[in-house]
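Beneath this line is the structure, given in structure tokens, with notes to follow.
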Amino acid sequence: MAFGQESAAQAVAPVARIENPEGGSPILLICEHASNHLPARYGTLGLGPAELESHIAWDPGALGVAKELAHLLDAPLIHAAVSRLVLDLNREPSAPDSICTISERTPIPGNLDLDEAERTFRVREVYDAFHDAIDVFADARKAAGQLAAIVSIHSFTPVYRDVSRPWQIGLIFDRDERYARSVEAGLKRDPALAVGMNEPYSPADRVFHTLERHAERRGLPPLMIEIRNDLIRTQDEQALWARRLAPLLREGARTL
């Protein structure tokens, strides 16, 4: 749909959802790729139902893990309510993959040949709305002495471009390794668990934007958790991983 055919209120509903805002934990959870929802303004972007349920549209299972972690930790959670096909909230708006025209091998017809007005609209109504909400919330929590770390929850595919990924979980970090190393030590108590450190992604892949903006700039330890999505398909599996991670996140936060 062409830019300007709907009012902003009709085009994009609030993109940031805050759960358990009064949670007592000093950990703030974020889930940028929580939703595969496309506002009516965008139709299906030219994609079919199977594609809109796939990893190109969201991180399957990630929100379920994040919600269970919020419950177990009594932590606040901020998650997105719009698909990354509209705009990837974990990228700088100027990045070439902020609005994808192809994801892995799937073309996104509705994102081709966007004019500057439409790009500006998406940045304002999606990117700015989401990250401004995090800024306001995180600043208030930090000012109140209730913020010690920020953790973002993601999932990844078992195979990417025909290359298998052997890890069940990946911990992504940059200069501040403290939180990642603490959680790594806990996970490696299970010798059967393959833990990727800066795998299957690293900050060099430009996947660390949210944590750069909201954790590193505030001097807070960041941690990005990636769980292989074939392991978190069901609510029971999501709860299992949350129960595995919650004590490690809680324990690590105490040492920061």
| remark: Per the filter on the range 176-196, residues farther than 25 Å from Phe137 by Cα and open to solvent by 40 Å² or more (accessible area, probe 1.4 Å) are Arg181, Ala185, Lys188, Arg189, Asp190, Pro191, Ala192
| said: Suppose we filter the range 70-113 for residues that are assigned to a loop (DSSP other than H, G, I, E, B), open to solvent by 30 Å² or more (accessible area, probe 1.4 Å) and in contact (Cβ under 8 Å) with a residue 60 or more places away in the chain; how many remain? | reply: 3
| Are there any pairs, at least 6 apart or on different chains, whose C-beta atoms fall under 9 Å, with the first in the range 147-158 and open to solvent by 10 Å² or more (accessible area, probe 1.4 Å) and the second among the hydroxyl-bearing types (Ser, Thr, Tyr), and if so, which? | Ala148/Ser25; Thr157/Ser54; Pro158/Ser164
| Given the structure, is Arg206 out of contact with any Leu (no Cβ under 9 Å at 6 or more places or on another chain), charged (D, E, K, R) and over 26 Å from His71 (Cα atoms)? | yes
| said: Considering only residues that are touching a Pro at 6+ places or on another chain (Cβ under 7 Å) and under 24 Å from Arg213 (Cβ atoms), which ones fall in the range 138-171? | reply: Gln146, Leu147, Ala148, Ala149, Ile150, Ser155, Phe156, Gly170
| request: Please enumerate the residues belonging to the range 11-35 that are assigned to a strand (DSSP E or B) and surrounded by 20 or more Cβ atoms within 10 Å (Cβ to Cβ). | output: Ala16, Ile27, Leu28, Leu29, Ile30, Cys31
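Residue-by-condition table, conditions (1) under 13 Å from Asn90 (Cα atoms); (2) at pLDDT 95 or above; (3) of a type in the set (Asp, Glu); (4) in a helix (DSSP H, G or I):
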site	(1), (2), (3), (4)
Ala117	no, yes, no, yes
Ala138	no, yes, no, yes
Gly145	no, yes, no, no
Glu199	no, yes, yes, no
Met224	yes, yes, no, no
| field | Only listed residue being basic (Lys, Arg) and at pLDDT below 95, chosen from Arg41, Arg84 | value | Arg41
| Extreme residue, surrounded by the fewest Cβ atoms within 10 Å (Cβ to Cβ), among residues of the range 114-138 that are of a type outside the set (A, V, I, L, M, F, W, C) and touching a helix residue (DSSP H, G or I) at 6+ places or on another chain (Cβ under 8 Å) | Asp135
| remark: Matching residues in the range 36-69 (touching a His at 6+ places or on another chain (Cβ under 8 Å) and open to solvent by less than 20 Å² (accessible area, probe 1.4 Å)) number 3
| remark: Checked the range 201-222 for anything out of contact with any His (no Cβ under 9 Å at 6 or more places or on another chain), assigned to a loop (DSSP other than H, G, I, E, B) and open to solvent by 30 Å² or more (accessible area, probe 1.4 Å); matches are Arg206, Gly219
| So which of Ala40, Ala50, Ala95 is closer than 27 Å to Thr234 by Cβ and not aromatic (Phe, Trp, Tyr)? | Ala50
| said: Here is a check on your reading of the model: is Thr210 modelled with pLDDT of 95 or more and under 25 Å from Asp139 (Cβ atoms)? | reply: yes
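The values are calculated or read from the model by the stated rules, or taken from the named source; none is laboratory data. Predicted, not measured: the structure shown is a model, and the values here were computed from it. Cβ sites come from the backbone with ideal geometry, for glycine too, and all protein chains shown count toward neighbours. The accessibility values were calculated without ligands, DNA or RNA, using every heavy atom of the protein model including side chains. Shrake-Rupley method; radii C 1.70, N 1.55, O 1.52, S 1.80 Å.
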